[in-house]
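What follows is a short report on a single structure.
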Amino acid sequence: MRRAVCPGSYDPATNGHLDIIERAASLFDEVVVAVLINKKKQGLFTVEERLDMLSEVTARLPNVRVDSWHGLLVDYCRAHGIAAIAKGLRSVSDFDYELQMAQMNRELSGVETLLMSNNPAYSFLSSSLVKEVATYGGDVSDMVPAVVRERLRAKLA
């Protein structure tokens, strides 16, 4: 079985994230969307809230499951029999960072990284920008799935 992980903080998940997850799901038998647990960082949403939203927006993808992890991603991959990491690239600066991570992950564990260029419609999207726009009452309808938009409204009300 060909398995991949799509790691991230997903605070919150955007349409750009969902695009990469869907595309990875078309390439692999199973895709795990893994939410990073970083106890040093305070997110807008709890890890449980992020897992819940991701489960809802990926429910129509039968080969996608949602999980969380802390520590090294390659350790998660080893523990779960995952041979590939699938990540999206928005810009050249993303490439520089992700290439270094891909090389380190391969050196540490042999896990390969698939770097996918994002849909140009989402090239400007980031969770941080979505949160900022939503905080000031901006319309994020075209940037996030409906469930995320509603949770943002409720959280920021």
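Using the Cβ-Cβ distance between SER123 and ARG78 with R0 set to 25 Å, the FRET efficiency works out to roughly 0.15.
Residues whose amide H comes within less than 5 Å of that of GLY88, counting only those at least five positions distant or on another chain, are MET116 (H built at 1.01 Å from N in the peptide plane). The shape of the range 72-157 comes out prolate: with a ≥ b ≥ c from the C-alpha gyration tensor, a/c is at least 1.5 and a/b beats b/c. Classified by the C-alpha gyration tensor, the range 1-99 has a rounded form. Its axis ratio a/c, with a ≥ b ≥ c, is below 1.5.
How high is the FRET efficiency from LEU108 to ALA59, r the C-beta distance, R0 41 Å, rounded to 0.05?
FRET efficiency, LEU108 to ALA59: 0.80.
Annotation: amide H-H contacts under 5 Å for MET143 (H modelled 1.01 Å from N, sequence separation of 5 or more, or interchain): none. Peptides 22-33, 125-136 ordered by packing proxy, namely the average of other Cβ atoms within 10 Å per residue, highest first: 22-33, 125-136.
Computed from the coordinates by the stated procedures, all read-outs in this text should not be read as laboratory data. What you see is a predicted model; the values in this text were computed from it and never measured. Because the Cβ atoms are built from the backbone with ideal geometry, glycine has one as well, and the counts that use them run over all protein chains shown.
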